[in-house]
Amino acid sequence: MRVTLLLLLVVIAVLLGLWGSGWRPPDRFNPWAPLDLRAEPDVFVSYKLHRLGEDTARCRAALTQGGARFTPVPDRAGRDGCGWHGAVQLSGTGVAQLTRATTVSCPLAASLVLLDRHVLQPVAEQLFGQPVRRIDHVGSYACRNVYGEQDAALSSHATAEAIDVTAFQLGDGHVISVGSDWQRGQPGVFLHRLEAQGCRYFGIVLGPDYNAAHRTHFHMQDGHGFGGWCR
C-alpha cells in the first residue's frame with residue numbers, strides 16, 4: 001500500500017511539473033479547454049457547456065466560432081424570478097435556421113449548435129440524402145410555472161433555458177413534424193434518433209413518449225452542463 005501511495009505521489013508530482021512548465025493535454029482530454037462546437041464532442045462536453053454558462057464572453061465567442069447566427073441581448077430581470085442573463089437572440093444554429101429568432105440562454109444556444117452539427121445534419125444526410133434547413137419551434141421564453149400550474153416550480157422557459165421544437169424542414173422543403181411523424185416510417189426513425197443522440201447535449205429532452213403534453217414537440221432544456229435525462 002505504501003508503494004502504491006508513493007507511485008501516486010510521484011505521478012502527481014510529474015503532472016504538476018509538466019503543468020507548471022506549460023504542458024497541457026490535448027483538448028479532448030482536458031476538461032478546462034475551451035469548448036469548440038465544431039469539434040467531435042468529447043467526454044467532457046457537459047462540463048464544458050456548464051463552464052460556458054459561467055462566462056458569457058467565452059460562450060458568445062464559441063457560438064461565433066461554431067457558425068451560429070445570433071445577436072446578444074441585454075439582461076432582463078422579470079417578476080417572480082423570470083428573466084435571463086447572458087442570453088442571445090438566436091436565428092440560426094449553423095446549417096439550419098430557426099423559423100423565427102428567439103431569446104435563449106447562451107449555453108442552450110451552444111447545445112442547439114452541437115445538435116445541428118453533430119446530429120441533425122449527419123442523420124438527415126444518412127436517411128434522406130439532404131440537410132435540415134429549418135428548425136420550427138413555438139418559442140423559448142415564457143414567464144410561467146411548469147405546465148402553467150400555480151403551485152408548480154418555475155419553468156425553465158421562464159429563464160429562457162428551454163425551447164419547444166415542433167418540426168424540421170429538409171432541403172427539398174419536406175417537413176418532418178414531431179406531432180405527425182413520430183411513429184411514421186423514416187421520418188419517425190429520424191425523430192427517434194434525434195432524441196436519442198441529441199440527449200447528451202441537453203440537460204433534459206422530453207418528447208411524445210413522455211406524456212400527452214409533449215405529443216407535438218421536443219422540449220429541449222439547458223441542463224447547466226449536467227444532464228442527459230431524456231424521455
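Let me check I've understood the local charge: for GLY67, count other residues with C-beta under 10 angstrom from its C-beta, Lys and Arg +1, Asp and Glu -1. What total comes out? Intermediate values should be presented prior to the final figure.
Values: positive: ARG38, ARG69, ARG117; negative: ASP116.
The answer is +2.
Counting only residues 5 or more places away or on other chains, whose amide H sits under 5 Å from the amide H of PHE70 once H atoms are built in the peptide plane?
SER91
Mind checking region 73-171 for GluC sites (Glu not before Pro) that DSSP puts in a loop (not H, G, I, E or B) and that have at most 13 other Cβ atoms within 10 Å?
Details: sites: GLU125, GLU149, GLU161; in loops: GLU149, GLU161.
Listed in order of number, the matching sites are GLU149.
Taking H placed 1.01 Å from N in the peptide plane, check which residues at least 5 places from GLY171 or on another chain put their amide H under 5 Å from its amide H.
ARG133
Under 5 Å between amide hydrogens, which residues at least 5 positions from THR216 or on another chain qualify, with H placed 1.01 Å from N in the peptide plane?
The list, which skips near neighbours in sequence, is empty: none.
Write down the accessible area per residue of region 87-231 in Å², having rolled a 1.4 Å probe over the full set of protein chains. Don't skip to the answer; put the middle values down first.
Working: 5730 Å² over 145 residues.
The answer is 40 Å² per residue.
Rounded to the nearest percent, how much of the accessible area of region 92-199 (1.4 Å probe, protein heavy atoms only) is carbon and sulfur? It would help to have the intermediate numbers written out before the result.
Values: 1940 of 4120 Å².
Carbon and sulfur atoms account for 47 percent of the accessible area of region 92-199.
Got a sec to turn the phi values of region 197-206 into Karplus ³J(HN,Hα) couplings, 6.51 cos²θ - 1.76 cosθ + 1.60 with θ = phi - 60°, whole Hz, x for Gly and Pro?
Each residue's phi maps through the Karplus curve to give 7, x, 4, 5, 9, 10, x, 9, 10, 10 Hz.
Post the alpha-carbon centroid distance, region 166-205 to region 24-88, in whole angstrom.
Between the Cα centre of region 166-205 and that of region 24-88, the gap is 24 Å.
Along Cα→Cβ, 7 Å out, is where each label goes; now give me the distance between the ones at HIS85 and ALA213 in nm to one decimal.
Reported label-point gap for HIS85 and ALA213 is 2.6 nm.
Just to verify a number: FRET efficiency for ARG144 and HIS192, C-beta to C-beta distance, R0 = 41 Å, to 0.05?
Working: r = 29 Å, r/R0 = 0.71.
Taking R0 as 41 Å, the efficiency between ARG144 and HIS192 is 0.90.
Convert each backbone phi in region 75-85 into a coupling constant with the Karplus relation 6.51 cos²θ - 1.76 cosθ + 1.60 (shift: θ = phi - 60°), then list the ³J(HN,Hα) values in order as whole Hz, x for Gly and Pro.
4, 9, 9, x, 7, 6, x, 6, x, 8, 9
The values are calculated or read from the model by the stated rules, or taken from the named source; none is laboratory data. As the structure is a computational prediction, the values presented were derived from the model and not from experiment. Cβ coordinates were reconstructed from backbone atoms using ideal geometry, including for glycine residues, and neighbour counts include every protein chain displayed. Quick note on the areas: whole protein, heavy atoms, side chains included, nothing else; ligands and nucleic acids left out. Shrake-Rupley method; radii C 1.70, N 1.55, O 1.52, S 1.80 Å.
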